[in-house]
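**Q** What follows is a structure written as structure tokens; I'll ask about it next.
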Amino acid sequence: MVKVVATGTFEIIHPGHLRFLKEAKALGDELIVIVARAKNVKHKPKPVIPEEQRRKVVESIKYVDKAILGDEKDIFKPIMEIKPDIIVLGHDQHFSEEWLEEELRKRNLSTKVVRIRAKEECEFCSSAKIIQALVESRTGIKIDLRR
């Protein structure tokens with residue numbers, strides 16, 4: 001059985017997330033998704049949606065076999081417990097494949113890291129774009145959530 005792990009914040013589920021998870025599931029038999037803890041999100045604004053709610057929504061997606069919350073202190077703790085065959089990264093996730101592979105080797109894991117290059121092309125295939133459009137439509141204020 002090939003275990004695949006995907007990770008993400010999953011604040012606002014959109015078609016890009018669904019495409020990512022579908023592509024991830026196609027790489028193995030079991031897809032486990034690690035949902036980022038709010039405390040660990042540093043590359044964009046902290047999520048507003050509670051962690052457990054985000055986890056439940058992700059777990060309800062048909063491609064996902066199980067969704068868990070990440071560890072607040074050590075992002076590698078769930079990986080060490082799961083021992084996946086593959087970790088998938090989305091086209092826009094901020095992790096370096098080389099750095100991640102090196103960290104896995106240090107932990108004696110021979111997990112393969114795969115960057116999924118496919119992406120869904122639609123106007124609102126980005127949580128940031130959805131938030132920007134909502135703020136602008138409600139307030140008339142243009143914001144930029146990119147960091």
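**Q** Modelled label-to-label distance, Leu27 and Thr139, 7 Å Cα→beta-carbon offset: nm?
**A** 3.7
**Q** Additional query: Using a 10 Å Cβ count of at most 13 others and DSSP loop calls, identify the longest part of the chain lacking such GluC sites (Glu not before Pro).
**A** 1-71
**Q** Oh, and also: If we count every other residue with Cβ under 13 angstrom of Arg107's Cβ, Lys/Arg +1 and Asp/Glu -1, where does the sum land? Can you show the working numbers first?
**A** On the way: positive: Lys77, Lys83, Arg105, Lys106; negative: Asp74, Glu81, Glu101, Glu102, Glu103.
With Lys, Arg at +1 and Asp, Glu at -1, the net is -1.
**Q** So, one more: Using Cα atoms only, what is the angle between the long axis of helix 127-139 and the major principal axis of the chain, expressed in degrees (0 to 90) to the nearest 10?
**A** Around 20 degrees separate the two axes.
**Q** Something else now. Could you give the nm distance between label points at Cys125 and Glu101, where each point is 7 Å from its Cα heading toward the beta carbon?
**A** It is 2.6 nm.
**Q** Mind jotting down the distance between the C-alpha centroids of region 22-59 and region 97-147, whole Å?
**A** If we compute the Cα centre of each part, the gap is 11 Å.
**Q** What is the order of Arg105, Arg138, fewest Cβ neighbours within 10 Å to most?
**A** The order, fewest Cβ neighbours first, is Arg138, Arg105.
**Q** Something else: Between the DSSP loop rule and a limit of at most 15 other Cβ atoms within 10 Å, which trypsin sites (Lys or Arg not before Pro) in region 1-82 are left? Don't skip to the end; give the middle numbers.
**A** Values: sites: Lys3, Arg19, Lys22, Lys25, Arg37, Lys39, Lys42, Arg54, Arg55, Lys56, Lys62, Lys66, Lys73; in loops: Arg37, Lys42, Lys62, Lys73.
Those satisfying the criteria are Lys42, Lys62, Lys73.
**Q** Just how many % of Cα pairs in the chain lie over 21 Å apart, if you round to the nearest whole percent?
**A** Result: 44 percent of Cα pairs exceed 21 Å.
**Q** Once the Cα atoms of helix 97-106 and of the chain are each reduced to a long axis, what angle between those two axes, in degrees from 0 to 90 to the nearest 10, is obtained?
**A** Between the helix axis and the principal axis of the chain, the angle is about 40 degrees.
No value in this document is a laboratory result; all are computed from the given coordinates. Source: prediction; values computed, not measured. All Cβ positions, glycine included, derive from the backbone under ideal geometry; neighbour counts span all protein chains shown.
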